[in-house]
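Let me begin by presenting the structure, written as structure tokens, before commenting on it.
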Amino acid sequence: HVLQQQHGQFIYVWGQQGSGKSHLLQAWVAQALQAGHEAAYVDAARMPLTDKAFEADYLAIDQAEKLNDEEQALLFAVFNRFRNSGKGFLLLSADVPPQQLLIREDLRTRLGWGHIFQLQVLSEAERRAVLRQQADERGVFLSDEVMDFMLSRFSRDLSSLIQLLDQLDRYALQTQRAITIPLVKSMLENM
């Protein structure tokens, strides 16, 4: 919600894989839903963009570079509807800035009208800081050894690491044990 008030109706984020685009879009939609809005998240690589997009006041489209011709036409119509009514918010993500998207020209130029942000992949130290903060927010103690283990043996993108932390937190609660390397290994064996 804060995103829209500060940056307008159309927002485009881009960056390489692992920079947190999907996580940002999903959190934005979850916040909109929690606030009682009609919101939808579409990962264009995994699900089609359909006419249901017209029902959303908050529409997030992940991997916009994967939209086919028909979906691009639909997004163009949604964009124009939002712009003409002054209502609705559109958040899109892709791997490249809008001017480099291989999509129809009229849609590409419109995507450049909004605010454009590039997301950077976090450094090792920044990933550790985010993991530490996420663990602290959950009231979970995450030792340096466990963090080293997580970072050396699992996908290093932040979304996967936070998902792993969520699973560890739930498993630690179920088993009534602290999060340790043996607990992580035990959880993996029981998955």
Q. By how many degrees, 0 to 90 and rounded to 10, does the Cα axis of helix 124-137 deviate from the longest principal axis of the chain?
A. 80
Q: Assign one of three labels to region 20-102, namely rounded, prolate or oblate, based on the Cα gyration tensor with a ≥ b ≥ c the square roots of its eigenvalues; rounded applies when a/c is under 1.5, prolate when it is not and a/b is larger than b/c, and oblate otherwise.
A: oblate
Q) Taking Cα centroids, how far is region 112-191 from region 36-55 in Å? A) 28
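For the chain, with all protein chains present and a 1.4 Å probe, just round the carbon and sulfur fraction of the accessible area to a whole percent. Working shown, then result.
On the way: 5270 of 10540 Å².
Using a 1.4 Å probe with all protein chains present, the chain comes out at 50 percent carbon and sulfur.
For the chain, what Kirkwood radius comes out of the mean inverse Cα-Cα distance, in Å? Show your work: numbers first, answer last.
On the way: mean 1/r = 0.0547 Å⁻¹.
Kirkwood radius, the chain: 18.3 Å.
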Q.
On C-alpha positions alone, give me the angle between the axis of helix 21-34 and the longest principal axis of the chain, in degrees, nearest 10.
A. 80
**Q.** Selection of chymotrypsin sites (Phe, Trp or Tyr not before Pro), region 137-191, meeting DSSP coil and at most 15 other Cβ within 10 Å
**A.** Phe141, Phe154
(Q) Using the basic label-point model (7 angstrom from Cα toward the beta carbon), what is the Lys52 to Ala27 distance in nanometres? (A) 2.5
Q | Under the Karplus curve 6.51 cos²θ - 1.76 cosθ + 1.60, θ = phi - 60°, whole-Hz ³J(HN,Hα) for region 182-191, x wherever Gly or Pro sits | A | x, 5, 4, 4, 4, 4, 5, 5, 9, 7
Q. In nm, to one decimal, how far is the His37 label point from the Ser186 one, both placed 7 Å along Cα→Cβ?
A. 4.3
Q.
Treating only the Cβ of Lys, Arg, Asp and Glu as charged (+1, +1, -1, -1), what charge dipole size does the chain show about its Cα centre? Round to the nearest 20 debye.
A. 140
Q) Can you work out ³J(HN,Hα) from phi for every residue in region 77-88, in order, using Karplus 6.51 cos²θ - 1.76 cosθ + 1.60 and θ = phi - 60°, giving whole Hz and x for Gly and Pro? A) 5, 4, 4, 5, 4, 4, 5, 5, 8, x, 10, x
Q.
Suppose all protein chains stay in the model; what accessible area per residue would a 1.4 Å probe give for region 1-87, in Å²?
A. 54
Q | Residue among Leu111, Ser155, Val29 farthest towards the positive dipole end of the chain, charges placed on Cβ | A | Val29
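The values are calculated or read from the model by the stated rules, or taken from the named source; none is laboratory data. Quick caveat: nothing in here was measured; it's all calculated off a predicted structure. Note that each Cβ is placed from the backbone with ideal geometry, even for glycine, and that neighbours are counted across all protein chains shown. With ligands, DNA and RNA removed, areas are computed over all heavy atoms of the protein, side chains included. Shrake-Rupley method; radii C 1.70, N 1.55, O 1.52, S 1.80 Å.
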